[in-house]
Amino acid sequence: MSTEPPPPPGSGEPPENDPFRKQPPPPSYGGGPYDTGGGGPYGGGGSGGYPADPLAGMPPLADSGRRTLARIIDMILVGIVVVLLTLALRVSEYQMDGDRISAGRSFAQSLVAAVLFVAYDTLLIAKWGQTLGKKWLGMRVANLSDGATPSTQTSLLRALVLWVPFAFCCACIWTVICGGWSFFDKPYKQGLHDKAAKTVVVSTGS
């Protein structure tokens, strides 16, 4: 009987305990719609035991209309915080010219908006795979490659592509283009931010 003490907690490889991570299925011998010899959309399809079809084993893709509604909810929630914070910090830009008063957006106000939106999206997606809007409407963000919750780096990249242009230059136009891309994208229903981060949005069934 060995007298060596057990290894300390945390030693060795950490367990892959993400409940959403796909498990490699039995090897496939062709015939699937993605079995064209070229792998997945970003290359490397079928490596590591995963099938060439990245969506195999994942829940259904989320409806683009519900994604839009979830994004609107998130924009309202964070937008309220942005308005309150910018008013408290007095970074809104007001111009007074006689009887005329006009309000605009200063660089500082845009910076506050960018930081809050990016932080909100990055932290919640990296931790739970869901913003509040997505949670309430029953969907989550997943890595296209393996279905796992995106890492902090992936979540940050996704958030930067979505929110920085929104905050600094073309809020309405960029939101329509970036998010609306999922209505026409085939077969993964990805927005431009999803394509940059190699993620998809799937239903949670709740």
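Every number here is computed from the coordinates shown, using simple stated rules; none is lab data. Predicted, not measured: the structure shown is a model, and the values here were computed from it.
Key figures
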{"quantity": "Per-residue ³J(HN,Hα) for segment 128-145, Karplus 6.51 cos²θ - 1.76 cosθ + 1.60, θ = phi - 60°, Hz, x for Gly and Pro", "calculated": "10, x, 9, 7, 4, x, 5, 4, 5, 9, x, 8, 8, 8, 9, 5, 5, 6"}
{"quantity": "Amide H partners (placed H, <5 Å) of A62, local residues excluded", "calculated": "V201, V202, S203"}
{"quantity": "Sequence-distant residues sharing a close amide H with G138 (under 5 Å, placed H)", "calculated": "none"}
{"quantity": "³J(HN,Hα) computed for each position of segment 176-184 - Karplus, 6.51 cos²θ - 1.76 cosθ + 1.60, integer Hz, glycine/proline x", "calculated": "5, 5, 5, x, x, 4, 5, 5, 10"}
